[in-house]
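Each remark here refers to the structure printed beneath this line.
What follows is calculated from the coordinates using simple rules that are stated; it is not laboratory data. From a predicted model like this one, the values you see are computed outputs, not experimental measurements. Cβ atoms come from the backbone with ideal geometry, glycine included; neighbour counts cover every protein chain shown.
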Amino acid sequence: MKTTSSFARRLLSASILASMMLAGCQLTPKPLTPVSANDPELKALDADRAKYREKKVALIERALNLSPAEHDAFWREYYAYEGELKKIYDERYSIIRDYAANYDKMDNDIANNLALRSLKIRDDRNDLFRKYYNRIAKATSPVIAGQFLQIENELNLLSDLKISTETPILPRDVSPATALKK
């Protein structure tokens with residue numbers, strides 16, 4: 001009888017979790033610091049993004065060497081992709097902002113919030129790559145879609161590397177260096 005009871009509890013838990021997800025309950029933590037549309041940092045970031053997008057478009061244009069028919073089909077999908085990618089990068093900015101705002105008062109709850117949100121944007125970005133690989137492959141060809149993925153992956157790796165090298169490691173009460181000195 002214990003096995004049935006245990007199974008019933010697990011089934012009930014799974015059902016509740018599934019219904020929460022279907023009902024749109026947010027399992028990913030919310031941002032810690034609100035971002036205003038009038039925020040000067042956000043305006044500067046948007047200006048930097050616009051410059052970056054121009055350079056990125058020129059790079060992709062040169063790398064893909066598309067025919068006129070491929071050109072229109074590719075860029076129609078690409079600009080839709082960029083619109084969705086911006087939302088992911090807005091969340092990444094929010095995470096970085098929260099990290100900086102809470103660095104000196106970091107605790108387990110804040111660290112968990114930041115980590116879960118970071119993992120979610122990685123998943124979201126990979127889902128977006130998959131979605132637009134398929135859309136671009138259908139609109140042009142799998143080779144062009146593969147080239148798109150290669151370029152995006154390289155640019156994202158460089159961006160991730162720049163951010164990670166400029167971000168200090170999470171603080172804690174006793175740093176490894178301090179612990180070694182004792």
- Query: Which peptide among 88-96, 121-129 comes first, and what is the full order, when sorted by highest mean count of other Cβ atoms within 10 Å?
  - Reply: 88-96, 121-129
- Message: What does the extension gain come out to for Met106 and Arg49, with contour length at 0.36 nm per residue minus their alpha carbon separation?
- Response: 17.6 nm
- Message: Compute the distance from the alpha-carbon center of the stretch 74-114 to that of the stretch 45-73, in whole Å.
- Response: 23
- Along the stretch 95-110, what does the Karplus equation 6.51 cos²θ - 1.76 cosθ + 1.60 (θ = phi - 60°) give for ³J(HN,Hα), rounded to whole Hz, x for Gly and Pro? 5, 4, 4, 5, 4, 5, 5, 10, 4, 6, 10, 4, 9, 4, 5, 5
- Query: Among Thr167, Thr140, which comes first, second and so on when ranked by fewest other beta-carbon atoms within 10 Å?
  - Reply: Thr167, Thr140
- Give the order of Tyr132, Tyr81 when sorted by the count of other beta carbons within 10 angstrom, beginning with the fewest. Tyr81, Tyr132
- Ranking of Asp104, Asp109, Asp39 by count of other Cβ atoms within 10 Å, fewest first: Asp104, Asp109, Asp39
- In nm, give the distance between the simple-model label positions of Asn65 and Glu166, each being 7 Å from the Cα along the Cα-to-Cβ direction. 3.4
